[in-house]
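The values are calculated or read from the model by the stated rules, or taken from the named source; none is laboratory data. Bear in mind the structure is a predicted one, so any value in this text is a computation, not a measurement. Glycine gets a Cβ as well: all are built from the backbone with ideal geometry, and neighbour counts include every protein chain shown.
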Amino acid sequence: MITESALVHNPKSTQCYAYNDTTLHVRLRCAKDEVEKVVLWIGDPYEWAVGGLDGGNLGGSDAHGWTGGREIPMILEGETQNHDCWFAEFAPPKRRARYGFILYSKSGEQKLLFGEKRCVDIADEAIAEIELSDLSNFFCFPYINPRDVLKTPGWVKDTVWYHIFPERFCNGRPELSPENVQPWGTEPDHHNFMGGDLWGVIDKLDYLEELGVNGLYFCPIFIANANHKYDTVDYFNVDPHFGGNEAFKQLVKEAHQRGMKIMLDAVFNHMGDQHPIWLDVVEKGKNSAYADWFWIKEFPVYEDKPREQWDGTNLRYETFGNVAAMPKLNTENLECRSYLLDIARHWVEEFDIDGWRLDVCNEVDHDFWRDFRRVIKGVKPDCYILGEVWHDASAWLMGDQYDSVMNYPMTQAILDYFALNSRGKQEFIWDVNRSYTSYPHHVNEAMFNLLDSHDTSRILHLCSGNKDKAKLAYLFMFTQVGTPCIYYGGEVALSGGRGMGSEANRRCMLWDKELQDIDFRAFIKQLIELRKSEPDLNCPTIQWLEVDNDQCIAYQRGLLQFVINNSDKSQDILVNGKKLSLLPYGYNISKE
């Protein structure tokens, strides 16, 4: 039997959206292993029998006589732990559609019509004729308005990113370093500086080009106090310790000459407590012109006692997390909003950056991001807008806010399976399928895939130093839909954990070739070359292949077949009738 209460579909959502100006993508979710086949019943709402009402928007007793419906077979897009997810594509001739779903049970006993208002068994042909012509029970996609269609930058699909934490990548001009700079390679903590700068990045552009990356994502580069630069003091100027605006302008120029894109970090949820605007509020309290730029509970904003005695969980103003040095901005204040939008526009107009990564973006109001998109796309239509969202981001991905998000759900799935061994094979497949079926296809094609970042432990650390396991994680990530990213040093097996006071994940880049793992770098370079040579690796669907072994997975991407042994023992397996022998943590790539 088909569990009717488990049937889920929402029109004008990630389950029914315009993929482009002429094409609809439609999804249905149902209970696992109950449905043998699904057919999408869809057509123009204004096609009626002779004498009909021509009333595409009518309902109730007047809605009978619709003749526009036709059958479109749906494919099983993915299976998750509790659900089957079905998918179909349809190009409505007049950009509008009404639709429902015809489900055939695996038992063969049911033929069920799932509509907007009710489910009806239509195994009886007489009942089917009535129900399939009753427009009142069908979902509606009123019209594909091109302005509403999410259009992601085409270049993103072909990009391999390299994530740089500027303070730790390369010291190009030691004379620019802070006075308290420590020797390169000193163990990092929350407060120390090593002297990395943008001139150092320029010096290493040939290295990055030779590796094969063509997109550079930078943690914040603007004037700030902390080594991470997320406590902004001046949004309009690059930190002088990084080389100032001169260095950044030169960096953009030389990167673009090499075909590399530049993405900056937009920290608009909060600012640093040394920013002049916040200091004005500290000094003048409620009389400050900027008092409403922040979420303040009580004036004065600072308690009359040493900061170390403040209750960080009960400050007089809202902050990022519980960090007193990062007061949270009120983007609902029109002047504050205008100020931040001017910043976003400035770096696109004046420096020709190619993308903005939006820090803590899920804590900023949606309306601000709608304005942000209008401003940025108005200046540079193919500028990439990437959100930092660690959970389901559907609310931000309907065409009016971001182009895509950092794919942390996929990250977690890969880490759990390959690095931590905390999820089994079937659970891993379900997790990956959930990632694929959660968002529109064009969002997935522009997804930012990563294994680690400045916010997380490095992949090699999570693999307990096992480079073979780390290689499998990279292999899987590089062969999935989206755009892959390498956190600086990952290509030479740089390791380090994050948490419990440790910031070893932000260690200095290793430039001494004696300390680099050249073989690991060669492996990453091969993955980049494979990625660039096989467009099908960015296909928005994945085909899993049957493997008679619980330790091995296999999947198809276009003509390429991947088989991976995620265990420390050799495995003899059978895939598509072919016998394979895989070494511990081994893999096989073949073209079928």
### Task
Report, by residue number, each residue of segment 304-322 that is surrounded by fewer than 18 Cβ atoms within 10 Å (Cβ to Cβ) and at pLDDT 95 or above.
ARG316, GLU318
### Message
Which residue is surrounded by the fewest Cβ atoms within 10 Å (Cβ to Cβ), if the candidates are limited to segment 460-485 and must be among the charged types (D, E, K, R) and farther than 19 Å from HIS163 by Cα?
### Response
ASP468
### Message
Kindly evaluate ASN287 against the criterion of being closer than 18 Å to ASN322 by Cα and not β-branched (Val, Ile, Thr).
### Response
no
### Query
Considering segment 57-66 alone, what residues qualify as being charged (D, E, K, R) and at pLDDT below 60?
none
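Results for (1) small (Gly, Ala, Ser); (2) part of a loop (DSSP other than H, G, I, E, B), shown as yes or no for each residue.
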{"site": "SER136", "(1), (2)": "yes, no"}
{"site": "LYS151", "(1), (2)": "no, yes"}
{"site": "GLU167", "(1), (2)": "no, no"}
{"site": "ASP206", "(1), (2)": "no, no"}
{"site": "TYR217", "(1), (2)": "no, no"}
### Summary
Of (1) surrounded by fewer than 20 Cβ atoms within 10 Å (Cβ to Cβ); (2) assigned to a loop (DSSP other than H, G, I, E, B), PHE523 satisfies every one except (2)
### Message
Tell me whether segment 408-426 contains one or more residues that are under 22 Å from ILE343 (Cα atoms) and of a type in the set (D, E, K, R).
### Response
no
### Message
Out of the strands (runs of 3 or more DSSP E) lying entirely within segment 526-581, which hold 3 or more residues that are under 30 Å from GLU89 (Cα atoms)?
### Response
552-557, 560-565
### Task
Hey, could you check segment 149-187 for residues that are acidic (Asp, Glu) and modelled with pLDDT of 95 or more and say which is nearest to the chain's Cα centre (by Cα)?
ASP158
### Message
Let me confirm something: among ILE223, ILE144, which residue is touching an Asp or Glu at 6+ places or on another chain (Cβ under 6 Å), more than 21 Å from CYS361 (Cβ to Cβ) and modelled with pLDDT of 95 or more?
### Response
ILE223
### Residue tally, condition of a type in the set (Ser, Thr, Tyr) and touching a residue at least 12 places away in the same chain (Cβ under 8 Å), over segment 303-338
3
### Query
Name the pairs whose Cβ atoms lie under 9 Å apart, with the first residue in segment 1-13 and touching a residue at least 24 places away in the same chain (Cβ under 8 Å) and surrounded by 12 or more Cβ atoms within 10 Å (Cβ to Cβ), the second of a type in the set (S, T, N, Q) and assigned to a strand (DSSP E or B), and 6 or more positions between them or separate chains?
ILE2/SER105
### Message
For segment 93-116, check the following and say yes or no: at least one residue is under 29 Å from the mean Cα position of the chain (by Cα), assigned to a loop (DSSP other than H, G, I, E, B) and at pLDDT 95 or above.
### Response
yes
#### Entry: Of all residues making up segment 486-516, the number that are among the acidic types (Asp, Glu) and surrounded by fewer than 17 Cβ atoms within 10 Å (Cβ to Cβ)
2
### Query
Mind checking which residues of segment 219-256 are of a type in the set (Phe, Trp, Tyr), assigned to a strand (DSSP E or B) and either more than 26 Å from the chain's Cα centre (by Cα) or surrounded by fewer than 21 Cβ atoms within 10 Å (Cβ to Cβ) (or both)?
PHE236
#### Entry: Filter result (within 34 Å of the chain's Cα centre (by Cα) and not in a loop (DSSP other than H, G, I, E, B)) within segment 284-317
ASP292, TRP293, PHE294, ILE296, TYR317
### Query
Within segment 314-324, can you find the residues that are more than 15 Å from GLU298 (Cβ to Cβ) and either polar (S, T, N, Q) or not assigned by TED's automatic domain parsing to the domain that holds VAL282 (or both)?
ASN322
### Query
Taking segment 536-587 as the region of interest, how many residues are more than 30 Å from ALA446 (Cα to Cα) and in contact (Cβ under 8 Å) with a residue 40 or more places away in the chain?
3
#### Entry: Residues that are buried (at least 18 other Cβ atoms within 10 Å of the Cβ) and touching a His at 6+ places or on another chain (Cβ under 9 Å), drawn from segment 540-590
PRO540
